[in-house]
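None of the figures in this text is laboratory data; all of them are computed from the coordinates on show. Worth saying up front: this structure is predicted, and the values here are computed from it rather than measured. Neighbour counts run over all protein chains shown; Cβ positions are idealised from the backbone, glycine included.
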Amino acid sequence: MSDFVLTLSCADRPGIVAGVTTELFGLGANIAESNQFWDRDTGKFFMRIAFAAPDAVGKEAVERALTPVVERFEMKTAIADAARVPRVVIMVSKFDHTLLHLLYQIKVGWMRAEVAAIISNHEDARGIAEAEGVPFYHFALEKGRKAEQEEKVLAVVKETGADLVVLARYMQILSDTLATRLYGKAINIHHSFLPSFKGAKPYHQAHERGVKIIGATAHYVTPDLDEGPIIEQETARVTHAMSPDDLIAVGRDIESRVLARAVKSHLENRVMLNGHKTVVFA
């Protein structure tokens, strides 16, 4: 048997689930997991189905079988071959905690992915990349040459066939051009519980304001800075007795977990864009 994941979205109407599952049944497929969501505000329907099909049934055969129901309901669909290991490019600056956590979760098998490259605007992570046997690219940012640097980044993404770009505390703002070209395929970890305390030193801002909860947010990258569709968030309670360094330590742990969960969900085709929001199937 061959494993696939089908994701689809369309205007909600009766018969969608029946239409899709009937076609899969006709192929001799066995459904292993099914999730659906009806957004009553927009009238859109979202669905994710993981299924196993006979080895003789390839991706093209599945697409052909689903064509009538896809056309009938005007669906937007994607079919992923679950046997293929997704490839990711990780971008990082000097803070390496989220990078190390991602590499560890891949190594122990919790996250199924291949790191195709690590890109940085600093040399700090080169040793980590070399220890993991991952190609490392140092693209320094020079004044007035941001576009040139980003073209190098995009070239690596294309050459490696990366399915996802992960900004693992990459402390540079992507240009509108690059953010647009990577839309839906680039995830950023923001070291704050958006939308609070934007900008530099968010933990210091939080400390000065005496906050009792801090957090982190993983979201898709868009031209609107830190306004992309949110995939995953987490918070932790803190107290007046904690210093900024204490908050940073708590924040590092949260950032690492949140980014890893967001990346895992994306790679497993559990995240679907819904305008400025996301549908994330558990």
Any idea what angle helix 16-26 forms with the longest principal axis of the chain, computed on alpha-carbon atoms, 0 to 90 degrees, nearest 10? 70
If the chain between Val17 and Gln205 were fully stretched, how many nm would it gain, using 0.36 nm times the residue separation less the Cα-Cα distance? 62.8 nm
On alpha carbon coordinates alone, what is the Rg over Rh value for segment 2-81, Rh being the Kirkwood radius? 0.95
Return the percentage of antiparallel bridges among DSSP beta bridges fully within the chain, rounded to the nearest 5 %. 70
Suppose the chain between Asp224 and Ala32 were pulled fully straight at 0.36 nm per residue; how much longer would it get relative to their current alpha carbon spacing? 65.3 nm
Between their Cα atoms, which of Lys143/Lys212; Lys44/Lys152; Lys143/Lys264; Lys44/Lys94; Lys107/Lys185 are more than 31 Å away from each other? Lys143/Lys212; Lys44/Lys152; Lys143/Lys264; Lys44/Lys94
Quick check: net charge around Leu24, other residues with Cβ under 14 Å of its Cβ, Lys/Arg +1 and Asp/Glu -1? -1
Listed residue (Val115, Val153, Gly184) projecting farthest to the positive dipole end of the chain, Cβ model: Gly184
Whole angstrom only: what separates the Cα centroid of segment 34-80 from the Cα centroid of segment 92-170? 33
Where Lys and Arg each count +1 and Asp and Glu each count -1, what net charge lies around Arg181 among other residues with Cβ under 12 Å from its Cβ? -1
Net lengthening on full extension, Asp41/Glu63 (0.36 nm per residue, minus Cα-Cα): 4.9 nm
How long is the chain along each principal axis, judged by its Cα atoms, biggest number first, in Å? 60, 40, 37
In what order do His240, His219 fall by count of nearby beta-carbon atoms within 10 Å, going from fewest to most? His240, His219
Residue-count net charge about Asp39 - beta-carbon cut-off 12 Å; Lys, Arg +1, Asp, Glu -1: +1
If r is the Cβ-Cβ distance from Arg237 to Leu273 and R0 is 25 Å, what FRET efficiency results, to the nearest 0.05? 0.20
Mind listing which GluC sites (Glu not before Pro) in segment 83-182 are in a DSSP loop and have 14 or fewer other Cβ atoms within 10 Å? Glu123, Glu142
Filtering chymotrypsin sites (Phe, Trp or Tyr not before Pro) in segment 92-188 by DSSP loop and by at most 15 other Cβ atoms within 10 Å leaves Trp110, Tyr183
